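Structure first, commentary second.
The values are calculated or read from the model by the stated rules, or taken from the named source; none is laboratory data. As the structure is a computational prediction, the values presented were derived from the model and not from experiment. Glycine gets a Cβ as well: all are built from the backbone with ideal geometry, and neighbour counts include every protein chain shown. These area figures cover heavy atoms from the full protein model, side chains too; ligands, DNA and RNA do not enter into them. Shrake-Rupley method; radii C 1.70, N 1.55, O 1.52, S 1.80 Å.
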Amino acid sequence: MHKNIGILAHVDAGKTTLSEQVLYHAHATRKVGRVDHGDAFLDTHPIERKRGVTIFSGVAHFDYEGDSVCWLDTPGHADFSTEMERTLSVLDFAVVVISCAEGVQSHTETVWSLLESYRIPTFIFINKTDRPGANQEAVIESIRRRLSGDAVDIRSWMGQTNMPEDVREQVAERDEELLERLFDGGYDADLWLERLQEQILCRACFPIMSGSALNDIGIAEFLQLLSRLTVTHHHQRENEPCTARVFRIKHDAKGARVVFLKLLSGRAAPRDVWQLPGGESKLNELRIYHGDKYTLTDSASAGEIIAVPGLPGLVPGDTYGSEEKNRFLTAPMMASDLIWDTAKLPVFRMMEQLRPLAEEEPSLHFVQHDSGITCQVMGKLQLEILSQLMEEAVGMPVSFGPCRVIYKETVAAPTVGIGHYEPLRHYAEAVLRLVPGEPGSGITFKSLCHVDTLALNWQRLIETHIFERPYAGVLTGAELTDVRVELLCGRAHLKHTEGGDFRQAVGRAMRNALMFGESVLLEPVCAFSVTAPAELYGTVAGSLSAVQAETEAPVYLEDVFTLTGTAPWAQFSKWQEDFAPMTHGRGSLRVWMSHYAPCRNPQPVIDAANYNPLAQDTPDSVFCDHGAGLNVAWYQARQWAHCQGPWFEEGETK
C-alpha cells in the first residue's frame, strides 16, 4: 500500500537526523548524512546545507516490508511554517519529533494544532534520550498535558514481536470489546493490532516511541513499528475519476516548472490530458523524486505523490478534478519592501525575475506599486534566506526595509457597482454587488443573473476573472477580503465580446462598488500562549493588558502559569520582543495568526497610507459614444449603464 508520512518538529529537535536514519535503515540511502556536515540527503538546496537548517520540504521514496513509502521532511523553524503546512495537506500520517532535552516547545504546540486541524494520524518520537539529564517520563507527562491526554506510551513494545501487557491495556482502555476480552484473558494479537491501527487512524490515540537518532538508538525498532501500525485505503479509490492535490511547486536545474501533487483518486499516466482553468494540459512525464534526483514512471495511482512538469495555472492548495481549494491556516502578518538597484533592474523586470519564487512560495504575495515591490514575510530568518535566494535569481544584492503590519479591507454593508467596457469593437458589462462575508471567508462568488440575460459561459468567465487576482481596497490599498461577490446582471455582444472584455468590466465593477460603499479596515489579530514562573504573573498580565490583549483565566501547574489569549498584532509584535527580558529567559511564548478584525484605531493607519483610490484600478467605465470610446467617471456610470434595475437604489452616490 502507498503511505505518505511526514516528519515535523520544533527546530533542533533532531528531525532531519531522524529522517537520515530512517532512510538508511530502509535502504533508501547508502550512508547517514548529517546536518552539521552539510550532507543531509533531504536538504538539497545549497543554502540549506550551508546554514544547517531545513527550508524546503524534502521528498524521498522507498519500499519497506511490502509498502511504498513517501517520506516528507518539513522545515522546523516557525518562519517556514507555510512550507510545512502545505505538506500537511497530502500526508497520511505524521511523526512529531520532540527533544528529550528540551521537551515540548512553543513551535511543537503550533505543529500539533495544525495536525489537529488537518485531522492527521500522528506518532510521537522522543529524540536525544541519551543526553545527560534526559528525563523521558517528564517529557511524556508534558506531552499529555500540553498536546494530548491520548498520547499512548508504547516504548516497551519497541524491539518485541508481541504486544506487551502494558500496551494491550492502553489499547483496551479505548475499546469496550477489548476491555471485556482482556478481563476474560482473551487476548488476540491480530485483533489488538487491528484495533490499535484503527485508533491511530481516527486519532483516538497517539503512540509514543523514543530513541537517539544521532547514535542510531531505537531507530530500526521505530521504523518497524511505524510500518506495522500504519494502514491506508487508497486502493479503494483507484477506479474513481482522477483528482489530485497540489502542495508544492519548484523549478528544476533547467528552470522548468515542476508541480508536486498527491493523487487523491483515480490514475494518471504520461500523455493524459487534464482540463485546467487555463485550458488543456498534457502530462508529458511523471516523476518520482528521491532527494534532488528523480526517476520516470509510466503510471501512478491513488495515494501516490508524483511531480509533473508544466501544468500552468495550478498553485499549492488547488485540487485538480474538484472545485475544492485548500485554505492554509498559517499566514504572514508582516510585509516588507524590497530594496535593490532599480537603475540596473527596473521594477517590472524585477517582478518578472521573482515570478518563479512567487510560484514556489505563494505566501510571499509580491505586489508591485509606485515605489517598488512589497512582499509578505513570517520573520527575520525568512528575510535572510529570501535575500540570498533573490540575489541568486537576479544576480545583484537584494535587501529589505522595515517590517510593517499587513492590513486588509472589507465592506460594512452591501454595495453595488457597474463596470462597462466598450471601446471600438469590444463590449462587456457587469453589475456586481459586494456583500459582507463571514470572517475568514476570503472572496466568494454567487450568480443571481439568469442565463436568459447573460449566457452561462460568460457568467463562468466573470467568476474566473473575480478569482484571478487580489483586489485592493479604497482606504489604504490593502487586499480586499471577507466579501461575497454577487453577479446581478451582465451584457455581452454577439460579435464584439471577447474574454478580456469581461476582465476589464469585472475589475471596474469591483472598484466601482467599493467607491460607492462603506469600507472597513481590518487588522491581524494573533493568538498566543505564554508559560512563565508563577511569581511573574502580575508583570506579564499587566504588560499584556497594556497592548490590548484579551486573555483567558490563567492555568497554574506547580510553580508555573499558562496564559492564553488574543491581541492586535500591531501592538503584540513589539511586546513579544520584550518577553524574554521580562521573564529573564525562563518563559516560553507561542504565537500564531488567529483572524482579522476591524481595526481598533484605523484613522492613523489610513492617514499614514495616504492612498489615492483613483490612481490605480480605475472605477470608471468606457462607453461607446458616436463610434468612439468615452471614459465615464465612476459616479456617473450608473446613468449610462445598459443593465438598468432596482439594484442601483441600494447605494447613493458619494
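Tabulated data
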quantity	calculated
Helix-only mean residue ellipticity at 222 nm for the chain, each DSSP H run of n ≥ 4 adding -39500 (n - 2.57), per residue, nearest 500	-8500 deg cm²/dmol
21 Å tail of the calculated P(r), the stretch 71-197, as % of Cα pairs	50
Hull-based mean projected area of the stretch 460-556, where the convex hull spans the alpha carbons, in square nanometres	9.9
Cα point-scatterer Debye curve for the stretch 153-197, base-10 log of I(q)/I(0) at q = 0.19, 0.20, 0.21 Å⁻¹	-0.51, -0.57, -0.62
Estimated FRET transfer efficiency when R0 is 22 angstrom, pair Gln639-Ala413 (beta carbons, to 0.05)	0.45
Filtered trypsin sites (Lys or Arg not before Pro), the stretch 247-311: DSSP coil and at most 12 other beta carbons within 10 Å	Lys254, Arg271
Taking the convex hull of Cα positions in the stretch 524-563, its mean projected area over all directions (nm²)	2.7
P(r) of the stretch 246-322 over all Cα-Cα pairs, binned every 5 Å from zero, in whole percent	3, 15, 29, 31, 16, 4, 1
Residues whose placed amide H lies under 5 Å from that of Met209, excluding near-sequence neighbours	Ile124, Phe125, Ile126
All-pairs alpha carbon distance profile, the stretch 507-597, 5 Å steps from 0, percent	3, 13, 22, 20, 12, 7, 6, 5, 4, 4, 3, 1, 0
Efficiency of FRET from Cβ geometry, Asp130 and Asp188, R₀ 30 Å, rounded to 0.05	0.25
The stretch 1-151: radius of gyration over Cα atoms, expressed as a fraction of 2.2 N^0.38 Å	1.00
Volume of the Cα convex hull of the stretch 292-438, divided per residue and given in Å³	240
Using alpha carbons only: equivalent-ellipsoid semi-axes of the chain, gyration tensor based, whole Å	48, 30, 25
Heavy-atom accessible surface of the chain: percent carbon and sulfur, 1.4 Å	49
Where labels lie 7 Å past Cα in the beta-carbon direction, separation of Ala534 and Glu165 in nm	3.8
Solvent exposure ordering (accessible area, 1.4 Å, most first) of His420, His584, His233, His369	His584, His233, His369, His420
Size of electric dipole in the chain: Cβ of Lys, Arg +1 and of Asp, Glu -1, about Cα centre, debye, nearest 20	1700
Computed over the chain: relative contact order in percent, which uses C-alpha pairs under 8 Å that are six or more apart	10
Theoretical gain in end-to-end length, Cys202 to Asn612 [0.36 nm per residue, Cα-Cα removed]	142.3 nm
The stretch 349-391 - accessible surface per residue (Å², probe 1.4 Å)	45
Alpha carbon convex hull of the stretch 497-654, volume per residue in cubic angstrom	174
DSSP-assigned coil residues among trypsin sites (Lys or Arg not before Pro) in the stretch 410-456, each with at most 13 further Cβ atoms within 10 Å	Arg425
³J(HN,Hα) computed for each position of the stretch 603-620 - Karplus, 6.51 cos²θ - 1.76 cosθ + 1.60, integer Hz, glycine/proline x	4, x, 5, 5, 5, 5, 5, 6, 8, 9, x, 9, 6, 9, 6, 4, x, 6
If the convex hull is drawn through the Cα atoms of the stretch 157-275, its volume per residue in Å³	177
Mean Cβ neighbour count within 10 Å, used as a protection proxy, ranking 514-527, 3-16, 183-196 highest first	3-16, 514-527, 183-196
Ranked packing of 497-503, 107-113, most packed first, by mean Cβ within 10 Å	107-113, 497-503
Residue-span extension gain [Arg267 to Asp578] - 0.36 nm each, minus C-alpha spacing	106.6 nm
